[in-house]
Amino acid sequence: MKTRNLIALAAVLSATAFALPAGAADAPAKMSGGMLTTTTGGMTLYTFDKDTAGSGKSVCNGPCAGNWPPLKAEASDKSAGDWSVVARDDGSKQWAYKGKPVYTWAKDQKAGDKTGDGVGGVWHVVKD
């Protein structure tokens, strides 16, 4: 019986490891209150309707990225599970969740703020 439980636990732990992005110690974001937030600081994450899911690219660059800072990925980070790494025009990398690049909003002041939800009708909180 103990062996069966250990095998089951090993299977769960193994499956969990594949849900985390390779090259990162932890997932780049977490679910908090039904929405995705940054792991550091708990800032709300957003998607942009003008980004095409699965394109591997962000279209929010220049002044747009000043208002909507991308969730940066390291050059060594790799896609895994719901998380992928997309290219930015400046050559840097950004995290995408379910194919859509994710961003914070410069006007959110503290963890849990979601003042960017609905801005311009094209920015949306990433929800569970």
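The values are calculated or read from the model by the stated rules, or taken from the named source; none is laboratory data. Bear in mind that the values here come from a model prediction, so they are computed numbers and not experimental data. Quick reminder, even Gly has a Cβ in these numbers, built from the backbone with ideal geometry, and neighbours come from all protein chains shown.
Can you name the residue in region 69-84 that is in contact (Cβ under 8 Å) with a residue 40 or more places away in the chain and out of contact with any helix residue (DSSP H, G or I) (no Cβ under 8 Å at 6 or more places or on another chain) and, of all such residues, is farthest from Phe48 (Cα to Cα)?
Restricting attention to region 69-84, the residues satisfying the condition of being in contact (Cβ under 8 Å) with a residue 40 or more places away in the chain are 71, 73-74, 76-83.
If we keep only those that are out of contact with any helix residue (DSSP H, G or I) (no Cβ under 8 Å at 6 or more places or on another chain) too, we end up with 71, 73-74, 76-79, 83.
Numbers: Leu71: 13, Ala73: 18, Glu74: 21, Ser76: 25, Asp77: 22, Lys78: 22, Ser79: 20, Trp83: 16 Å.
Once the filter is applied, the top-ranked residue is Ser76.
Of all residues in region 93-124, which are among the polar types (S, T, N, Q), closer than 22 Å to Asp49 by Cβ and surrounded by fewer than 18 Cβ atoms within 10 Å (Cβ to Cβ)? Give the steps one after another, and end with the answer.
Pass one, region 93-124, residues among the polar types (S, T, N, Q): 94, 104, 109, 115.
Pick out the ones that are also closer than 22 Å to Asp49 by Cβ and you get 94, 104, 115.
If the condition is that a residue be among the polar types (S, T, N, Q), closer than 22 Å to Asp49 by Cβ and surrounded by fewer than 18 Cβ atoms within 10 Å (Cβ to Cβ), then Thr115 is the only one that fits.
If a residue has to be over 25 Å from Gln109 (Cβ atoms) and in a strand (DSSP E or B) to count, how many in region 69-81 make the cut?
Let us first name the residues in region 69-81 that are over 25 Å from Gln109 (Cβ atoms), namely 74-81.
When the remaining residues are screened for being in a strand (DSSP E or B), the result is 80.
Number satisfying all stated conditions: 1.
Of the conditions (1) over 14 Å from the mean Cα position of the chain (by Cα); (2) modelled with pLDDT of 95 or more; (3) of a type in the set (A, V, I, L, M), Ala75 clears all except one; give me its number.
(2)
Could you grab me the full set of residues in region 29-58 that are under 18 Å from Asp117 (Cα atoms) and aliphatic (A, V, I, L, M)?
Ala29, Met31, Met35, Leu36, Met43, Leu45
Do we have any residue at all in region 82-103 that's assigned to a helix (DSSP H, G or I) and under 17 Å from Thr38 (Cβ atoms)?
Within region 82-103 (the criterion being assigned to a helix (DSSP H, G or I) and under 17 Å from Thr38 (Cβ atoms)), the answer is no, since none of the residues qualifies.
With respect to Cys60, is the statement that it is over 20 Å from Gly42 (Cα atoms) and either more than 16 Å from the chain's Cα centre (by Cα) or not hydrophobic (A, V, I, L, M, F, W, C) (or both) true?
So Cys60 does not fit the description; no.
If Gly66 meets every condition in (1) touching a Phe, Trp or Tyr at 6+ places or on another chain (Cβ under 8 Å); (2) free of Cβ contacts under 8 Å to residues at least 60 places away in the same chain apart from one, which number is that one?
(1)
Out of region 78-92, which residues are over 21 Å from Gly62 (Cβ atoms), touching a strand residue (DSSP E or B) at 6+ places or on another chain (Cβ under 8 Å), surrounded by fewer than 19 Cβ atoms within 10 Å (Cβ to Cβ) and not basic (Lys, Arg)?
Correct list: Ser79, Asp82.
What are the residues in region 104-128 that are small (Gly, Ala, Ser), assigned to a loop (DSSP other than H, G, I, E, B) and farther than 14 Å from Ala65 by Cα, if any?
Passing the criteria: Ala111, Gly112, Gly118.
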